[in-house]
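One structure below.
The values are calculated or read from the model by the stated rules, or taken from the named source; none is laboratory data. Note that the structure is a prediction, hence the values are computed from the model and not measured. Glycine gets a Cβ as well: all are built from the backbone with ideal geometry, and neighbour counts include every protein chain shown.
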Protein chains: 2
Amino acid sequence: MASLPIPSGGPLPLRRPTLRDVAALAGVSFKTVSRVVNGEPGVSPDVMSRVRSAADTLGYRPNAAATALRRADRRTATFGVLLEDAGNPFFATLLRGVEDVARQRGVAVFASSTDLDRDRERDMTAAFGARQVDALIIAPTESSAQHLHRALAEGARIVLVDRPVEGLTAPVVLIDNQRGAREGVEHVIAHGHRRIGYIGRDPSIFTSRGRYAGYVDALEAAGIAIDPSLVRLEGGTRTSAQAQVEALLDLADPPTALFTAQDIITMTAVSVLQRRGLSDSVALVGFDDFELADLLRPGITVVAQDPRRIGALAAELALDPVSSGVHLVPTRLIPRGSGEIPAP
Amino acid sequence: MASLPIPSGGPLPLRRPTLRDVAALAGVSFKTVSRVVNGEPGVSPDVMSRVRSAADTLGYRPNAAATALRRADRRTATFGVLLEDAGNPFFATLLRGVEDVARQRGVAVFASSTDLDRDRERDMTAAFGARQVDALIIAPTESSAQHLHRALAEGARIVLVDRPVEGLTAPVVLIDNQRGAREGVEHVIAHGHRRIGYIGRDPSIFTSRGRYAGYVDALEAAGIAIDPSLVRLEGGTRTSAQAQVEALLDLADPPTALFTAQDIITMTAVSVLQRRGLSDSVALVGFDDFELADLLRPGITVVAQDPRRIGALAAELALDPVSSGVHLVPTRLIPRGSGEIPAP
DNA sequence: CGAGATCTTGACAACGTTGTCGTGAAGGCT
DNA sequence: AGCCTTCACGACAACGTTGTCAAGATCTCG
């Protein structure tokens, strides 16, 4: 039984210990150490405990790069998550949901923001691909199709969140935008409103299309004709959202209720209504919940998503090699006051 | 010049192309391809362009695991970021700041949340270590010291954010909690207040200590004696924060102004004040800015941090192998109404 | 024109691990 | 006792890359 002098007590060596170091200390071959570390059968209890204690003494931890390089199944226990903006509360919470599930399974998570920039998305897809992620969880844009197809062809596993990509064979986690919006609009209709303004984002965005369709559904079901002057689809930024809200309120026959199709737009609408002193007279329902919506006066009625659940579900799908199809996470209408203001 | 049959037009092969595949197609040795890919000198223009086009045709991308394994400098172009909660707006924005800088340098970022759980922090430190991150950016807890020392000894680069770790030789990015809090409290003193309540978190947390010290500084400088009944240090959760605010307001001689030492506490205080109809009579200044603080009535005056800047700076320090020392990111007092309510 | 310097390229080892196969010892069975 | 199986372990190749070294071709200069 060979026994090498090892440093003990003093600072650990700068080079991290390898299988060979542990093997030398335990007096076995490095392959045996590999077996113990990976829990493979065929090691006697005696040797096993000797190896264990040697590994502990040296503080051995396997080198992930070497493992990834050698393993037959090519697993790296790593996910890549590609979102619009990890600083945005919605996506931050979604990321947190992914992480919760991933951690339990020993999977580490790369995160990156694209700001909807197509080149950045492509670059990060490549960067994650080079790092051999087991799965890529991505909130795609319309232009994602190309590099995602390519990534799929290279054997990557892909899970889409928030938006689908047409023609891409990959599991998708979505919410029912249309139904959620419809319920929100029906809510104000139930309180007597018939002139309901809609402020959303560009219909080139998948979620925007669904939400607008829900608005249309609700009005049609109630027998209310769509007034195009009440529909504003350029609320993409705070500035433009504000302009759109102002424009609606400046109409000769302004809406008595507003449906805002995204959190940023909702917040902007709150601000404009407050400044004009209309908070208590114009009804407001927004898509997406946001922190403090319940502290405003009146509280803001919203159609809430559950981003943490979305992320968690996406991670589960990413872990399951045979998952596929469209998975819907339900939305929930939360009445808080602003949506219950009756029509005049 | 050897020329192998390669699939063209059809779907890309499942196995990703390697240096050898590119070399075969270009009719050179794989080492030459390596040189071209890494931009090493000593390759003739002719060969270089042949290799380039072969690499393009096959869609070659280097295998990060192999590179990490072989490189002399052991660089993986990967950071690990370990935060309290990636879903919390403060940390989410900080993460975003890290990412911005990292992306520009081609560095991918692992993110993980600890929820202040010591075991999780240890596990993730190990997981990131196994994946050979170039640097670990971490918001440490009091109990981080052990595994961080160990990680340092194993050659990891560490950058601390938000909180230092005593005795650990690593660059730190902090804000001046004491000064920020002092300015906030001085602000309400300037508006005539002398009975100023303080609601903070447990002083075992580094930031809490500094903020409380700032409160004490401001009062002392103004010649106001500290009234222990106005100081509450158990505002760690929403529930307990609420209880503390209620308790302060229930005093026989209640404070005329509140200083809340963290965003969650501030939001809770807003809620309590609103419910009691005191929003316009009790002054409020909070530490940490938060979305919608300006939409509340009155707007909430805050001592704002710049988490994105903190993250970006941490990433820069992580990239610089000789960085060290304490780096302070300034705070900023933002008056919005609640802090300017005069004393009765 | 010859000797040395430089330039371009390739052969090969090595990184730390997993997968395959081989080998000697112990055990089971007739 | 002799043979076959099982068990425990080791030797070695391989993963895809970078680093080292050497070899041949070309260039430089007296």
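A few notes on this one:
Rundown of residues vs (1) among the basic types (Lys, Arg); (2) crowded, with 19+ Cβ neighbours inside 10 Å; (3) modelled with pLDDT under 95; (4) farther than 21 Å from A:Gly180 by Cα, yes/no style:
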| residue | (1), (2), (3), (4) |
| --- | --- |
| A:Asp217 | no, no, no, no |
| A:Ala221 | no, no, no, no |
| A:Ser229 | no, no, no, yes |
| A:Ser240 | no, no, yes, yes |
| A:Asp253 | no, no, no, yes |
| A:Met267 | no, yes, yes, no |
| A:Asp280 | no, no, no, yes |
| A:Ala283 | no, yes, no, no |
| A:Leu313 | no, yes, no, no |
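- Residue within segment B:192-202 that is at pLDDT below 95 and surrounded by fewer than 18 Cβ atoms within 10 Å (Cβ to Cβ) present: yes
- Sole residue being at pLDDT 95 or above and more than 10 Å from chain A (Cβ to nearest Cβ), chosen from B:Val101, B:Val107, B:Val81: B:Val101
- Test result for A:Thr57, within 13 Å of DNA strand D (Cβ to nearest atom) and part of a helix (DSSP H, G or I): no
- Hits in segment A:214-238 - residues which are part of a helix (DSSP H, G or I) and within 17 Å of A:Asp288 (Cβ to Cβ): A:Gly214, A:Tyr215, A:Arg238
- Considering the conditions (1) of a type outside the set (A, V, I, L, M, F, W, C); (2) part of a helix (DSSP H, G or I); (3) at pLDDT below 95, B:Pro164 is excluded by exactly one of them, (2).
Matching residues to (1) under 28 Å from B:Arg105 (Cβ atoms); (2) of a type outside the set (S, T, N, Q):
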{"residue": "B:Gln274", "(1), (2)": "no, no"}
{"residue": "B:Pro298", "(1), (2)": "no, yes"}
{"residue": "B:His327", "(1), (2)": "yes, yes"}
{"residue": "B:Leu333", "(1), (2)": "no, yes"}
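- In segment B:71-81, the residues that are surrounded by fewer than 16 Cβ atoms within 10 Å (Cβ to Cβ) and either in contact with a helix residue (DSSP H, G or I) (Cβ under 6 Å, 6 or more places away or on another chain) or within 16 Å of B:Arg15 (Cβ to Cβ) (or both): none
- Exactly one residue out of B:Leu58, B:Leu94 is free of Cβ contacts under 8 Å to residues at least 60 places away in the same chain, away from DNA strand C (no atom under 16 Å from the Cβ) and not aromatic (Phe, Trp, Tyr), and it is B:Leu58.
Residue by residue, here is whether (1) near DNA strand C (Cβ under 8 Å from one of its atoms); (2) surrounded by 21 or more Cβ atoms within 10 Å (Cβ to Cβ) holds:
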position: A:Leu25; (1), (2): no, yes
position: A:Ser29; (1), (2): no, no
position: A:Ser34; (1), (2): yes, no
position: A:Asn38; (1), (2): yes, no
position: A:Ala65; (1), (2): yes, yes
position: A:Leu69; (1), (2): yes, no
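- Scope segment B:300-341; condition part of a loop (DSSP other than H, G, I, E, B) and either out of contact with any strand residue (DSSP E or B) (no Cβ under 8 Å at 6 or more places or on another chain) or among the small types (Gly, Ala, Ser) (or both); matching residues: B:Asp320, B:Val322, B:Ser323, B:Ser324, B:Gly325
- When A:Glu234, A:Glu291 are screened for being farther than 29 Å from B:Gly87 by Cβ and surrounded by fewer than 20 Cβ atoms within 10 Å (Cβ to Cβ), only A:Glu234 passes.
- Contact annotation: residue pairs with Cβ atoms under 8 Å, 6 or more positions apart or on different chains, pairing a residue in segment A:21-35 that is more than 14 Å from chain B (Cβ to nearest Cβ) and at negative phi with a partner that is of a type in the set (S, T, N, Q) and more than 8 Å from DNA strand D (Cβ to nearest atom), are A:Leu25/A:Ser3; A:Leu25/A:Thr57; A:Ala26/A:Ser53; A:Phe30/A:Thr18.
- Given (1) farther than 23 Å from B:Asp176 by Cβ; (2) among the acidic types (Asp, Glu); (3) assigned to a loop (DSSP other than H, G, I, E, B), index of the condition B:Asp202 fails: (1)
- Of all residues in segment B:281-313, those being facing chain A (nearest Cβ under 10 Å) and in contact with an Asp or Glu (Cβ under 6 Å, 6 or more places away or on another chain) number 1.
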